[in-house]
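The values are calculated or read from the model by the stated rules, or taken from the named source; none is laboratory data. Just so we're clear, the structure is a prediction, and the values are computed from it rather than from any experiment. Note that we place each Cβ from the backbone using ideal geometry, even for glycine, and neighbour counts take in every protein chain shown. Ligands, DNA and RNA are excluded from the accessible area calculation, which covers all protein heavy atoms including side chains. Shrake-Rupley method; radii C 1.70, N 1.55, O 1.52, S 1.80 Å.
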Amino acid sequence: MTEHVVIVGGGTGGTVLANDLADRLEPELDAGDVRVTLVNDDPDHVYKPVWLYVPFGQREPDDGRRPLDDLVDDAIDVRIDRVSDIDTEAQRLQFHGSAPPVSYDYLVLATGSTLEPDQIPGLTEDGHNYYSESGATDLRDELLEFTEGDLVLSVIGTPHMCPAAPLEFVFMADDWLRERGLREDVDITYTYPIQRVHGNPHIAEWARLIMEERDIQVETFFNAESVDPDAETITSMEGTELDYDLLVTIPPHGGIDLIEEAGLGDDGWVDVDKHTLEAEAADNVYALGDTADTGVPNAGSVAHYQAGVVGQRLASEIRGRPATATYDGKTLCFIETGMDAASFVEFDYENPPSPAPPSEKLHWSKLAYNESYWLTARGLL
């Protein structure tokens, strides 16, 4: 009997896992003993870190898109569709429309995050973000016209995709404005919802010093409650009100409803064992990347490393062997500190990050990784 692995989500985690399984299970796939299906609701694969560079005119949104069929091994069945229901007891997926349900033996959820700006009154009417293609291009247009006033970046939603990206934006905006002779006419303010500028205390301490050196103002313990587009103010639950001329936000993030409806976790995130990435509420279900609630924020590299672990575990289970591979929280992250300098951190569950001194070499290393990402997604790196 053919065993069926279904991966839902064609982002970094889902695509890397699909190609990992194509390589790892090649004999079984060739023999017809195993079938792997990758389901995605978009024919394109999107590399979202590109969006950080769009507002500064360094990239175009299309630089972060490739057809999914071009990235995934031919041994994998790619299905462009949307899952409407997950029945973990029957191990069956239902799709929108009249398509028949699909059964699975193993299910991997890599559905990522969605932006939910409507959670904050006034945010959909004003406030720009670079966490979507349209948001990044709109922000580019605003920045080109912005020559003076108050620029506020407010981190509203936590956890959120790419935990370092808010820091990167204010560092890059500071440098970008200096290069244009505009920095003296622009005040930059950064807000964060807890009592430091980043969720990780080690990165927060490092970043706060850079902010002080560059006269980037900071408002911590600022939980945004509402935006007044007419008055151009953003107000926190704590009662602090900030004026802005250009508001950039990290909107609230959510998962997808069907995960909560399936009883796999709250707010669209799957409750998992943080080492095995197995769902706690259902057998034969795994989760990757943002979808997996491991208790720590996820950078893009997390999904890549987790995909390798899940690939090993699935191969072991399919071959009737004990699944012993575990994820140790390994994370690699480049952090842009300006338009031509970056830092680098590496850490895991046990070892905290220690940011490297910013350098031009690390900046070019990040850009080189962005270009080589497509080889990574194909499973060639």
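Key figures
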{"item": "Segments classed as strands (runs of 3 or more DSSP E), wholly inside region 146-223, with at least 2 members that are under 25 Å from Gly57 (Cβ atoms)", "result": "149-155, 186-192"}
{"item": "Unique match (being at pLDDT 95 or above, out of contact with any Phe, Trp or Tyr (no Cβ under 6 Å at 6 or more places or on another chain) and of a type in the set (Ser, Thr, Tyr)) among Ser372, Ser359", "result": "Ser359"}
{"item": "Condition check for Ala356: closer than 30 Å to Ile216 by Cβ, in a loop (DSSP other than H, G, I, E, B), in contact with a Ser or Thr (Cβ under 6 Å, 6 or more places away or on another chain) and small (Gly, Ala, Ser)", "result": "yes"}
{"item": "Given (1) at pLDDT below 95; (2) surrounded by fewer than 19 Cβ atoms within 10 Å (Cβ to Cβ), index of the condition Thr294 fails", "result": "(2)"}
{"item": "Test for Pro49: is it over 27 Å from Leu277 (Cα atoms), touching a residue at least 24 places away in the same chain (Cβ under 8 Å), open to solvent by 10 Å² or more (accessible area, probe 1.4 Å) and in the same structural domain as Val102 (by the TED database)", "result": "no"}
{"item": "Hits in region 359-381 - residues which are part of a helix (DSSP H, G or I), surrounded by fewer than 13 Cβ atoms within 10 Å (Cβ to Cβ) and of a type outside the set (S, T, N, Q)", "result": "Glu360, Lys361, Ala368, Glu371, Leu375"}
{"item": "Breaking point among (1) surrounded by fewer than 22 Cβ atoms within 10 Å (Cβ to Cβ); (2) without any contact (Cβ under 8 Å) to a residue 60 or more places away in the chain; (3) under 22 Å from Tyr286 (Cα atoms), for Asp23", "result": "(2)"}
{"item": "First in region 258-269 and within 15 Å of Val108 (Cβ to Cβ), second anywhere and assigned to a helix (DSSP H, G or I) and modelled with pLDDT under 90, Cβ under 6 Å, 6 or more apart", "result": "Ile259/Gly268"}
{"item": "Matching entry among Ala231, Ala224, Ala207 (being open to solvent by 30 Å² or more (accessible area, probe 1.4 Å) and either touching a Leu at 6+ places or on another chain (Cβ under 9 Å) or among the aliphatic types (A, V, I, L, M) (or both))", "result": "Ala231"}
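Matching residues to (1) surrounded by fewer than 20 Cβ atoms within 10 Å (Cβ to Cβ); (2) under 28 Å from Met237 (Cα atoms):
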position: Ala136; (1), (2): no, yes
position: Leu144; (1), (2): yes, no
position: Leu153; (1), (2): no, yes
position: Pro159; (1), (2): yes, yes
position: Val170; (1), (2): no, yes
position: Arg178; (1), (2): yes, no
